[in-house]
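Below: one structure, written as structure tokens.
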Amino acid sequence: MKAMPWNWTCLLSHLLMVGMGSSTLLSRQPSPPSQKRSFVTFRGEPAEGFNHLVVDERTGHIYLGAVNRIYKLSSDLKVLVTHQTGPDEDNPKCYPPRLVQTCSEPLTTTNNVNKMLLIDYKENRLIACGSLYQGICKLLRLEDLFKLGEPFHKKEHYLSGVNESGSVFGVIVSYSNLDDKLFIATAVDGKPEYFPTISSRKLTKNSEADGMFAYVFHDEFVASMIKIPSDTFTVIPDFDIYYVYGFSSGNFVYFLTLQPEMVSPPGSTTKEQVYTSKLVRLCKEDTAFNSYVEVPIGCERSGVEYRLLQAAYLSKAGAVLGRTLGVRPDDDLLFTVFSKGQKRKMKSLDESALCIFILKQINDRIKERLQSCYRGEGTLDLAWLKVKDIPCSSALLTIDDNFCGLDMNAPLGVSDMVRGIPVFTEDRDRMTSVIAYVYKNHSLAFVGTKSGKLKKVGVRIASQERMPCCWNCKAISDQRVQPLLCYFLHVSGNSF
């Protein structure tokens, strides 16, 4: 299908979960900024909640993952087709699910919360994974949401038993003449024996193939996965890795996470639990996951530490910001939102900061850590391996920018935190989502807030000056609406 003549220049795709009710609203702003802004809206069923959204870059069609339903919408938010995914009889304690064998647990009518929504462009299909039956997925034809496949008979088909909509993140790695890969990252909810926290899976051309979602590599000793050791839970009983964002760049796949750790406050002999934001990196071609490295990230401004990751988005530097940062216009930047402190994951403080990271600097820090570990310095230094405290082993080899690990010194953690550059702070209305793009060589970010406002921020680093927001979306913010999403067309008319 031919692409639409307009350009999607801004899409706030991390839904703003702001509401106090159960209704859903999707909005767009079609008019240029000089005119009075009116909004076209799409409202879901009263009992539904919107979970995930993706836009077909070729057509502009919107695919919306909701509770018990998948929607296909036109660019002006008209419903083109729907596909029902639930509810159905289930019990989260049924493993394997009742589709495979009889379950002794009592079954109840259970909603299917959409946990992951991805477009597989190569095969022209939508991957929609839900909370029913331990997280099985449907493969739907993009054109009409016809079900092409729904694998459920193998343990590899159960991606996550966690019912929270934001518990799973997926990244597709595409090849021209081979089957694609799907990297899956998920919280495990205390069930590491059932679910790897990160794995790479096969995306077969045939949606009904027996090998769909099989591990890229699996033998008696090694597999394309990372599992949290069970003894980790003896140190931190509620340990999990919570995935906030994922992307691919160059030869690597990245995930941004929140992880609990036990630390001793200054001057104290007792330990307390805090949450640390970490970036996880893997080589795309590493079938044994020997390249797994994680590095803590955070932000600081005026003596205030912002350490709880809320959202992230990968964008380019652009010519203006690139000159300031000493990078090329097409170099990757990570736009991130952090809330203050480290102690409260579920009830984050309202103080928050928008920060940027130069991806190359993070990769350079990882390379330094790899080089030191392969010189035999330090330990693997992972919070979820602390019970073992495994020392690094020395080896004579050259570690360059694309080093993908050996069957030693892995998985590996970086001790020192990489600090981002703060560009915007908010003290009262916590920022919860972010998207960024380059317009006329300038780098711009849109951030969504806890109360449903949307702010446009221009990034000027040289003078540490914050550009004024063009506007705040107050008119469309309804405290009773959950969730709220805005996106914008024809941004070329905006001034900043």
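The values are calculated or read from the model by the stated rules, or taken from the named source; none is laboratory data. A quick note: this is a predicted structure, and the numbers were derived from the prediction, not measured. Every residue, glycine among them, receives a Cβ derived from its backbone with ideal geometry; neighbour counts consider all protein chains shown. Calculation scope for accessible area: heavy atoms of the full protein, side chains included, ligands and nucleic acids excluded. Shrake-Rupley method; radii C 1.70, N 1.55, O 1.52, S 1.80 Å.
Taken over segment 317-467, the percentage of Cα pairs per 10 Å bin, counting from 0 up to the bin with the maximum distance, is 10, 30, 26, 23, 10, 0. Note on K440 and A395: their simple-model spin labels are 5.2 nm apart, each label 7 Å out from Cα toward Cβ.
The charge dipole of segment 232-307, taken about its Cα centre with unit charges on the Cβ atoms of Lys, Arg (+1), Asp and Glu (-1) only, comes to about 160 debye.
Using a Förster radius of 35 Å, what is the FRET efficiency between D416 and E193 based on their Cβ-Cβ separation? Nearest 0.05, please. That pair, D416 with E193, gives E of 0.60.
Figure the gain on full extension for T41 and E89 (residue separation times 0.36 nm, minus the Cα-Cα span) and round it to one decimal in nm.
14.0 nm
Here is the list for segment 113-181: chymotrypsin sites (Phe, Trp or Tyr not before Pro) lying in DSSP coil, each with at most 13 other C-beta atoms within 10 angstrom of its C-beta, are F146, Y175. In order along segment 245-253, the Karplus-derived 3J(HN,Hα) couplings, from 6.51 cos²θ - 1.76 cosθ + 1.60 at θ = phi - 60°, round to 7, x, 6, 10, 7, x, 8, 10, 10 Hz, and Gly and Pro are given as x. A simple count of charges around Y121, restricted to other residues whose Cβ falls under 10 Å of its Cβ and scoring Lys, Arg +1 and Asp, Glu -1, yields -2. Using 0.36 nm per residue and subtracting the Cα-Cα separation, the extra length available between R141 and D429 on full extension is 99.7 nm. Return the subset of K72/K343; K93/K115; K202/K388 for which the Cα-Cα distance in this structure is over 30 Å, preserving the input order. Exceeds cut-off: K72/K343; K202/K388.
Both numbers refer to the Cα atoms of segment 204-361; Rg and Dmax are 18.7, 60 Å. A simple spin-label model places the labels of R98 and K154 2.6 nm from each other, with each point 7 Å out along Cα-to-Cβ.
For segment 335-377, state which trypsin sites (Lys or Arg not before Pro) are in a DSSP loop and have at most 10 other beta carbons lying within 10 Å of their beta carbon. Here the sparse-neighbourhood loop sites are K347. Extending 7 Å from Cα along the Cβ direction at K388 and again at N124 yields two label points whose distance is 4.7 nm.
The 1.4 Å probe gives accessible areas that order D180, D231, D189, largest first, as D189, D231, D180.
For segment 246-294, the average shadow cast by the Cα convex hull is 4.4 nm², which is a quarter of the hull's surface.
Projected onto their three principal axes, the Cα atoms of segment 60-136 cover extents of 46, 25, 14 Å, largest first.
Tally Lys and Arg at +1 and Asp and Glu at -1 over the other residues with C-beta under 12 Å from the C-beta of S131: what net charge comes out? So the surrounding residues net to -3.
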